[in-house]
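Here, each number is a calculation from the coordinates, and none is a lab measurement. Computed from a predicted model, the values in this text were never measured in an experiment. Neighbour counts are summed over all protein chains in view; Cβ atoms, including those assigned to glycine, are modelled from backbone coordinates with ideal geometry.
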Amino acid sequence: MTILGIETSCDETAIAVLDINSPEDITVRANIVSSQIKLHAEFGGVVPNLAAREHVKNINHVFETALKTAGIIDFATEVDLIAVTHGPGLGPALLVGIAFAKTIAMIHKKPLIGVDHMRGHVYSNWLPDKNYELRITNYEKTFPILNLIVSGGHTELVLMNDYESFKLIGETMDDAVGEAFDKVARLLGLGYPGGPQISARAEIWKQEERSKKKGIEFPRPMIHSKDYNFSFSGLKTAVLYKIRDLKKEGVEITGDIINEIAHAFQEAATEVLIQKTIQAAREHGVSSILLSGGVSANTLLRNNLRTATEKAGLIFSCPPLAYTGDNAAMIALAGYFAYKETGSADPDASVRASWQSVDMQPNLGFRD
Ligand code: KG4
Ligand code: ZN
């Protein structure tokens, strides 16, 4: 099956072409991502209407580039299915991708299926990449799976008994972990997106500045709660208060202090994620833990969750770095599974199969 995937839920305009015969036999023929990060950086976060305007500007070019890269000459005969992200995401941004997908589906008389963005992140663990080890290879033995999905809009623990069954068992009660990275970065005067900046600063502190230690530590919110929910808003506030208190004491917020705060925040956030994930994995008797979403690019989280998972005797997987952020290859793959599951190309069909409580497409979730 040749599937065209379209993703416009946030600040990446992405289109991919995949040949998928089975979960073990996937070829990514094109994976084009046009990022708007620079544009939104000056606002310190993604501005929904601006994102939508950029998607409108870029989508035709991204589409043409994807077809050219994949070597598609005759869309009508060479493409079997179109998959588009219908949510969750920024309303105006989602609408651009959905309207574009509906138009090409109509012109070329192709089946169209709407897919859940978070499922896409989960399936990114199956996407092939040269010489990449941590990807799933022993397909059937991997189930049951516990997914830790960490992005700018979501922090979720989702059980998966087979390719198409998902059960949400825990989520954040307030900010998503990526959102916390972004907000803490803003408090520290670092740029957007905050995740890569925080982790780079934390690394510098680990390598060079331990000697200048101020002994900064942050709480691990909800680490001992009996459920699998998370909370990151208080952690962000703790950073805010720490900066305020240091300033009150007359301490100048120098680069060294920023690095130490970044390090302490990253330690606290990742420790909560890892401890609760391992606890949930034990209680649910899963065979493997899969990490996904934009925050899965974080080296400390990847390394420490891998170590903890393997120590617990379970299989660990996280996507190749190229597929941690938003992309359309994962959407095409989600389209493949949704199409197989529903046996229908009704764009609303996979909404019913989603673990997100969405009623109608698109799901107009908003991020500040
Ligand atoms: O999945 P994603 O690309 O978009 C959403 O669906 O939200 O995730 C974006 C999030 C941002 O909050 C960004 O700061 C975070 O992923 N992120 C990271 C890292 N790289 C990206 N967070 C921590 N460490 C990183 N290295
Ligand atoms: Zn995402």
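With r defined as the distance between the Cβ atoms of T237 and H284 and R0 fixed at 45 Å, what FRET efficiency is calculated, to the nearest 0.05?
Once the sixth-power term is evaluated, E becomes 0.90.
From the mean inverse distance of alpha carbon pairs (Kirkwood) and the Cα radius of gyration, derive Rg over Rh for segment 90-164.
1.05
May I ask for the distance between the Cα centers of segment 250-270 and segment 105-144, given as a whole number of Å?
37
Could you name the lysines in cross-link range of K109, using Cα to Cα under 21 Å and dropping any fewer than eight places away on the same chain?
Within the straight-line limit of under 21 Å, K109 reaches these lysines: K68, K340.
Would you mind working out the magnitude of the charge dipole of segment 170-317 relative to its Cα centre, with +1 at each Lys and Arg C-beta and -1 at each Asp and Glu C-beta, to the nearest 20 Debye?
Values: 20 positive and 19 negative charges, 40 e Å.
My answer is approximately 200 debye.
Name the aspartates and glutamates eligible as straight-distance cross-link partners of K311: C-alpha to C-alpha under 17 Å, and not fewer than 8 places from it in the same chain.
Hits, sequence-local ones excluded: E271, E283.
Using r as the Cβ-Cβ distance of I37 and H224, and R0 as 45 Å, what FRET efficiency do you calculate, to the nearest 0.05? Before the final figure, lay out each step's value.
Working: r = 36 Å, r/R0 = 0.81.
Computed FRET efficiency for I37 and H224 comes out at 0.80.
Sorted by packing (mean other beta-carbon atoms within 10 Å per residue), highest first, where do 115-121, 279-285, 65-71 land? Provide the component values of the computation, followed by the final result.
Values: 115-121: 28.7, 279-285: 14.9, 65-71: 16.9.
My ranking of the peptides, most packed first, is 115-121, 65-71, 279-285.
Ignoring everything except DSSP H segments at least 4 long, calculate the 222 nm mean residue ellipticity for the chain; use -39,500 (n - 2.57) per segment, divide by total residues, nearest 500.
-13500 deg cm²/dmol
Using just the C-alpha positions of segment 170-317 as equal point scatterers, what log10 of I(q)/I(0) does the Debye formula give at each q in 0.14, 0.18 1/Å?
Values, matching the q order: -0.67, -1.05.
Note down the relative contact order for segment 170-317 as a percent, whole number, built from C-alpha pairs under 8 angstrom at least six residues apart.
27
What list do you get for I20, I6, I253 if you sort them by fewest beta carbons within 10 Å?
With the sparsest Cβ surroundings first, the list reads I253, I20, I6.
Give a quick list of chymotrypsin sites (Phe, Trp or Tyr not before Pro) in segment 1-105 that DSSP marks as loop, anything other than H, G, I, E or B, with at most 12 other Cβ atoms within 10 Å.
Qualifying residues, ordered by number: F43.
Roughly what % of DSSP beta bridges within the chain run antiparallel, to the nearest 5?
Working: 28 of 47 bridges.
Counting only bridges with both partners in the chain, antiparallel ones make up about 60 percent.
So which lysines pass the test for K248, namely a Cα distance under 30 Å, with those fewer than 8 places away in the same chain ruled out?
Qualifying lysines at Cα under 30 Å: K183, K206, K212, K213, K214, K236.
Report the per residue volume, in Å³, of the convex hull enclosing the C-alpha atoms of segment 70-125. Show your work: numbers first, answer last.
Values: hull volume 5.2 nm³, N = 56.
Per residue, the Cα convex hull of segment 70-125 comes to 92 Å³.
If N is the number of residues in the chain, what value comes out of its Cα radius of gyration divided by 2.2 N^0.38 Å?
The chain yields a ratio of 0.99.
Neighbour counts of other C-beta atoms within 10 Å: give me S231, S165 arranged from fewest to most.
Listed from fewest to most nearby Cβ atoms, that is S165, S231.
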